Amino acid sequence: MTPASAYPVPPRPATVYYFGTCLVDLFYPDAGLAGMDLLRREGLKVVFPQNQTCCGQPARNTGMYEEARAVARAQFKAFPNPWPIIVPSGSCAGMMRMHYPELFAGEPDQAEAEAFASRVYELTWFLVHVLDIQLKDKGEPLTVTWHGSCHSVREMGVTDEPKELLRRLSNVTLVENPREKECCGFGGTFAVRMPEVSGAMVTDKVASIEGTGAAQMVTGDCGCLMNISGAMAKSGSPVKPRHIAEFLKERTNG
Amino acid sequence: MAETAAASTFVERAHKVLGNTKLRGNFRRAMDGLMAKRAAQFADIAAWKSLRARGAAAKRRVLARLPELLEQLEANCTANGIKVHWAETTHEANSIVLKILQDHDARTIVKGKSMVSEEMHLNAFLQKHGIEAIESDLGEYIIQLAGEAPSHIVMPCIHKDKGEIAELFTRHIDGQPYTEDVAELTDAARRVLRSRFAAADAGLSGVNFAVAETGTLVLIENEGNGRLSTTLPPLHIAVMGIEKLVETLDDIPPLLSLLPRSATGQSITTYVNMITSPRKPGEKDGPQEVHLVLLDNGRSRVYADNQLRDTLRCIRCGACMNHCPVYARVGGHTYNAVYPGPIGKILTPQLDGIAVAGDLPHACTLCNACVEICPVNIPIADIMVRLRREAVHPSDSPAVMGAGCKHTATEAAVWAGWKKMYASPALYRMGAKMMQRFGNMMPGGMPLLKEWTSVRTRPVFAKKTLHELAKEQGYSDV
């Protein structure tokens, strides 16, 4: 069964933009590319503007609105056509879809910001609701657990979509983490402003993931992924952390 | 505790708690329990959303015309025989309370739970003037014995376990043997407090909701102590922040349904007290005189700003604390503020100023767990970001005291550089290249990386960026 959507589902487009996000670009490009491959495999033309950089969230969250707006404007320029913009990160998607309108309120380009925002979709949401992607699992039996990023869940309304995708893989067993929705402690600058509190949060998060007994942890946000996988590596956790796009592509041998 | 906290930062105070495994365990268990209880109360999501919309609307309507409604409240209270006083500062409020008590020769007062009186630091003030104030809420009584401040606005001693309370009681209550039996401990407190209720010259309480239409003060509680402290003594003084208002009695039911269920997961509180006047001729109980002190303490400044105003919708249920992953790790005292947790992170800097509480809005990952459960739908995360902005922007904010005081040339320069790099695609691509080549060679001891690697391995820059991979894989650029 397809989960209920938090907002209206647009018609299937012929062409989409892909916004890779700066963390994906520098640290997880394979995850980013996997998302593009999945979309292309579904018959869409995927455009990756080379002039894209960052959504501006770090500045906005620090209170540097002018700086955030300047960077957002660079994205308006890089994504000029009215195609949907697909983002493999709930956090950056949330910034662009939910926060651009308020960030540009009263600015001369407010309408442009709002139009841009309304074109932004989180990858797994788009795969489920717009493409209704069918996945043929070619992998070995495997148990995984899902980590839902705070911004995906609470800003983008992406709740069950990624789990729905995992359920469409016949050989994958999804094990629920009772603390799935609890923040991993990344929070951008929070992780370095309050390292000890953040450290306590991610340590607990790792313990809860390990407690599920799953072999792999799948998530849709590279901020969380960087935080959780870093903590797992440091503590020698047996669980393998993955971005969902890469995981789906591998399982379906895309 | 308070003295050491005063000079320290949030991070330093957090360090102490994070090292205390017993305290951390207490918090974790308590918060897990509270979250589960609340979730059980609001299992029907559609019903929760509609109730929350009603609660939020009631508070929003009040805030749309607060000055006018406060005048209506004053007029109706006065007509009912309640004497109304206005205080702009906590010092004024304290002086008003003191004057009333002195006029009545009162030496001891018994208190129901009131966060505004914590905001006023009323007990210490009265003590200086020779008046003894006894907390009668069990949790407040316990922390009063311990000489501490509340660590939660609804459950003030949630950080203490049975053993600690048993020790406190043995030390402070005559003839009390050490026991961890909760019923026996409660009995011991009850015995002490009973005699206090009867002997007190005055009772002091907070107000959960004041009804402008009728001049009614609504107080909710579980222990009966609120009723005793507002009924037995001949004099009752209620203190409230000016935002604790509703328009009509019809606004009360949804809020009474939201507050205890959000706070403790109870479907209703044991007592709902509605006070509309002092004792009338022929009535058998109730105080002869009732006073209401309305405290501003910066609230009208908050009110003046359209976005920040939403802060004043808060009905003090504490659910945001119970659901905050930061609060669950560090506890209420770490905030060094009357109001801890998410609501405290936005309320405290607005009441006390950014110079005092500017680090609180940063003690947050913006995870939105508080926003998700707030029964009156306060956009806590958005206000948090707004206050971060106020802290670094000198020009732009008469609404917040000390705006711009955290502005530093270094941080401004860092963000100017950031903007330059990310607003210019060519520069960004060049920067990304440099990162690929040299990023993994950054010395581990450098700032940010050092903090990050305290519990994590360092992130590894990929050999090729997505920009490069997309090009290689034939993805179109336009």
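The values are calculated or read from the model by the stated rules, or taken from the named source; none is laboratory data. Please read these numbers as outputs of a predicted model, since none were measured by experiment. Positions of Cβ are generated from backbone atoms using ideal geometry, with glycine treated the same way; all protein chains shown enter the neighbour counts. All accessible areas refer to the heavy atoms of the entire protein, side chains included, with ligands and DNA or RNA removed. Shrake-Rupley method; radii C 1.70, N 1.55, O 1.52, S 1.80 Å.
How long are the three semi-axes of the equivalent ellipsoid of chain A, in whole Å, if each is the root of 5 times an eigenvalue of the C-alpha gyration tensor, listed from largest down?
28, 23, 15
Can you give me the C-alpha center-to-center distance between the stretch B:276-299 and the stretch B:10-79, rounded to a whole angstrom?
Taking the Cα centre of the stretch B:10-79 as reference, the centre of the stretch B:276-299 is 26 Å away.
What does the charge count near A:S91 come to, summing +1 for each Lys or Arg and -1 for each Asp or Glu among other residues with Cβ under 13 Å from its Cβ?
0
Per the Debye formula with a single identical scatterer at each Cα and no solvent contribution, what log10 I(q)/I(0) holds for the stretch B:26-99 at q = 0.11, 0.23, 0.26, 0.27 Å⁻¹?
Per q value, in the given order, log10 I(q)/I(0) is -0.62, -1.00, -1.15, -1.19.
Taking Cα centroids, how far is the stretch A:1-18 from the stretch B:406-444 in Å?
35
Find the Cα radius of gyration of the stretch B:220-261, compare it with 2.2 N^0.38 Å by division, and give the number to two decimals.
Scaled against compact globular proteins, the figure is 1.40.
If A:W125, B:W418 are ordered by their accessible area, calculated over protein heavy atoms with a 1.4 Å probe, which sequence runs from highest to lowest?
Ranked from most to least accessible, the order is B:W418, A:W125.
Would you mind giving the average projected area, over all directions, of the Cα convex hull of chain B in nm² with one decimal?
27.7
Between B:S50 and A:S5, what's the calculated FRET efficiency when r is the beta-carbon distance and R0 is 22 Å? Round to 0.05.
That pair, B:S50 with A:S5, gives E of 0.60.
Taking Cα atoms of the stretch A:13-128, Rg/Rh with Kirkwood Rh, to two decimals? Let's see the in-between values first.
Working: Rg = 13.5 Å, Rh = 14.1 Å.
My calculation of the ratio gives 0.95.
Based on alpha-carbon positions alone, could you give the equivalent ellipsoid semi-axes of the stretch B:1-131 from the gyration tensor, as √(5λ), descending, whole Å? Walk me through the numbers on the way to the answer.
Numbers: eigenvalues 236, 179, 43 Å².
Its equivalent ellipsoid spans semi-axes of 34, 30, 15 Å.
Taking the radius of gyration and the Kirkwood hydrodynamic radius from Cα positions alone, what is the Rg/Rh ratio for the stretch A:144-254, to two decimal places?
0.95
Over every pair of different alpha-carbon atoms in the stretch B:326-478, take the mean of 1/r and invert it; report that Kirkwood radius in Å.
For the stretch B:326-478, inverting the mean 1/r across all distinct Cα pairs yields 18.8 Å.
In square nanometres, what is the average projected area of the Cα convex hull of the stretch B:283-323?
Values: hull surface 22.2 nm².
The orientation-averaged projected area of the Cα hull of the stretch B:283-323 comes to 5.5 nm².
Any idea what angle helix B:21-41 forms with the longest principal axis of chain B, computed on alpha-carbon atoms, 0 to 90 degrees, nearest 10?
80
Using protein chains only and a probe of 1.4 angstrom, how many square angstrom of A:T159 are accessible, to the nearest 10?
My reading of the accessible area for A:T159 is about 70 Å².
Evaluate 2.2 N^0.38 Å with N set to the residue count of the stretch B:409-478, then give the Cα radius of gyration divided by it.
This ratio for the stretch B:409-478 stands at 1.35.
Quote to one decimal, in nm, the extra length available between A:E66 and A:A207 on full extension: 0.36 nm per residue of separation minus the C-alpha distance between them.
Additional length available on full extension: 46.8 nm.
Step through the table entries B:K59/B:K113; A:K45/B:K471; A:K181/A:K205; A:K181/B:K22; A:K234/B:K463; B:K419/B:K471, compare each Cα-Cα distance with 20 Å, and write down the pairs that go over it.
In this structure, B:K59/B:K113; A:K181/B:K22; A:K234/B:K463; B:K419/B:K471 exceed 20 Å between Cα atoms.
Given 20 Å bins starting at zero, what is the percent of C-alpha pairs of the protein assembly as shown in each, up to the one with the largest pair distance?
16, 47, 28, 9, 0
Go from 0 up to the bin containing the longest alpha carbon distance in the stretch B:61-134, width 5 Å each, and give me the % of pairs per bin.
3, 13, 20, 20, 21, 12, 8, 3, 0
Work out from phi, with θ = phi - 60° and the Karplus expression 6.51 cos²θ - 1.76 cosθ + 1.60, the ³J(HN,Hα) of each residue of the stretch B:253-262, listed in order in whole Hz, and give x for Gly and Pro.
Result, rounded to whole Hz: x, x, 5, 5, 7, 6, 5, x, 5, 6.
Size of the stretch B:344-405 along its principal axes in angstrom, Cα-based, largest extent first?
33, 20, 18
Ordering A:E176, B:E118 by accessible area with a probe of 1.4 Å, largest first, what comes out? Could the numbers behind the result be given before it?
Numbers: A:E176 100, B:E118 35 Å².
Result, largest first: A:E176, B:E118.
Given only helices, namely DSSP H runs of n ≥ 4 each adding -39500 (n - 2.57), what is the per-residue ellipticity at 222 nm of chain B, to the nearest 500 deg cm²/dmol?
On the way: 24 runs with 244 residues, N = 478.
Value at 222 nm, helices only, nearest 500: -15000 deg cm²/dmol.
For labels at B:R194 and B:A409 in the simple 7 Å Cα→Cβ model, what's the distance in nm?
If labels sit at B:R194 and B:A409, their model points lie 7.0 nm apart.
Round to the nearest 10 and give me the degree value, 0 to 90, for the angle of helix B:90-103's Cα axis relative to the longest principal axis of chain B.
10
Put a dot 7 Å past each Cα toward the Cβ at B:R437 and B:T186; how far apart are the dots in nm?
Each label point lies 7 Å from its Cα, and together they span 7.1 nm.
If you add up the charges near B:Q266, with Lys and Arg at +1 and Asp and Glu at -1, over every other residue whose beta carbon is less than 12 angstrom from its beta carbon, what do you get? Before the final figure, lay out each step's value.
On the way: positive: B:K37, B:R38, B:R261; negative: B:E221.
Charge balance in the 12 Å sphere: +2.
When the convex hull of the Cα atoms of the stretch B:84-196 is projected onto a plane and the area is averaged over all directions, what value comes out in nm²?
Approximately 7.7 nm², given one-decimal rounding.
By accessible area of protein heavy atoms, probe 1.4 Å, what ranking do B:H323, B:H121, B:H172, A:H147 get, highest first?
Most to least solvent-accessible, the answer reads B:H121, B:H172, B:H323, A:H147.
Provide Rg over Rh for the stretch A:213-254; use the alpha carbon set for both Rg and the Kirkwood Rh (inverse mean inverse pair distance).
Looking at the stretch A:213-254, the ratio lands at 1.00.
Using the alpha-carbon atoms, what tilt in degrees (0 to 90, nearest 10) does helix B:380-392 show relative to the longest principal axis of chain B?
It works out to around 70 degrees.
Need the C-alpha centroid separation for the stretch A:162-217 versus the stretch B:446-478, integer Å.
That distance is 21 Å.
Using a basic spin-label model with each label point 7 Å from the Cα along Cα→Cβ, how many nm lie between B:V272 and B:A75?
2.7
Send over a whole-number figure in Å² for the accessible area per residue of the protein assembly as shown, probe 1.4 Å. If you can, show how the numbers build up before the last one.
Details: 28520 Å² over 732 residues.
With the other protein chains kept in place, the protein assembly as shown gives 39 Å² per residue.
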